[in-house]
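Report on one structure; see the data block that follows.
The values are calculated or read from the model by the stated rules, or taken from the named source; none is laboratory data. Predicted model, so just to flag it, every value in this text is computed and none were measured. Cβ placement follows ideal geometry from the backbone for every residue including glycine, while neighbour counts extend to all protein chains displayed.
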């Protein structure tokens, strides 16, 4: 009962958090540009930065009076909708190689409809994960349903749009907490697939279950180091840490898919239907297919397919298919 009550409280808090974030979308400022290591890498056509004259390749010398080398660079106040910020940039003429300094005033506007639509899609997908996880646990408490509910809570919390937070420290802290939640979701999902529809042989080994969660300790340690010493370590060390974390998460995903395929291949056709493996595999494939198409299009062809901001929506098929299979298995076990 304590576990059930705790899950319900966490679920209610996350839903409230996501609702506040959804309602706060109209207050999210948009400058229409992005930069990496102080170099402008993207300027959205027709956006505030584009209208102000900012160009891809410009090097930021200061933003709002704060230079990239200043310790206050990462802690600079967030702009409000309607605020104007002065950008001092260094621009290099590609034909002559000459450099000039330009003063550009960017007036922030509301996020465009496309960005708000993407946040709404994330809300729907996150809510599907959360509700499916809670439904399964409330209907059929057990190890599998508990793991699935944790996955739902963590993914839901990560995907929900977040309310604006003024404090830099609190903003970074909440961001790190939700990223850790995503990592926990990946580990629990792998654990679930190693015992669904039945325990894999590897899980019979001593402390095998603990090893699944061992990388989380390393990720948490990297997060603490980045949070406390990030400004001293510099961009290079932070980038290396981000790459290592990405490798760990990719490993979780690959192992999870491998465990699902292993279960499907090893099971007889009748067992696949009885355990809901056909539904789960179809849900995973159909859920991931649009995102795969979008990723391939952007990486190899540098194009965005029409309506790509909604390609995350089919992900709802993943929690729905797992919820159906887990509930079906629980009903069949009672017969």
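Please count how many residues of segment 108-138 are part of a loop (DSSP other than H, G, I, E, B) and surrounded by 22 or more Cβ atoms within 10 Å (Cβ to Cβ). Show your work before the answer.
Of the residues in segment 108-138, the ones part of a loop (DSSP other than H, G, I, E, B) are 108, 111-112.
This time we only want the ones that are surrounded by 22 or more Cβ atoms within 10 Å (Cβ to Cβ), so: none.
Residues that pass the stated criteria total 0.
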Of the candidates 245, 237, 265, the one satisfying the condition of being surrounded by 14 or more Cβ atoms within 10 Å (Cβ to Cβ) and either modelled with pLDDT under 75 or farther than 26 Å from residue 156 by Cα (or both) is 237
Could we say that residue 11 is under 30 Å from residue 141 (Cα atoms) and at pLDDT 90 or above here? yes
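Return the only residue of 250, 288, 313 being at pLDDT below 90, over 25 Å from residue 141 (Cα atoms) and surrounded by fewer than 17 Cβ atoms within 10 Å (Cβ to Cβ).
Being at pLDDT below 90, over 25 Å from residue 141 (Cα atoms) and surrounded by fewer than 17 Cβ atoms within 10 Å (Cβ to Cβ) holds for just one of 250, 288, 313, which is 250.
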Per the list (1) within 22 Å of the chain's Cα centre (by Cα); (2) under 19 Å from residue 36 (Cβ atoms), residue check on residue 62 breaks on (1)
Exactly one of 4, 91, 75, 26 is touching a residue at least 12 places away in the same chain (Cβ under 8 Å), farther than 30 Å from residue 131 by Cβ and surrounded by fewer than 16 Cβ atoms within 10 Å (Cβ to Cβ), and that one is 75
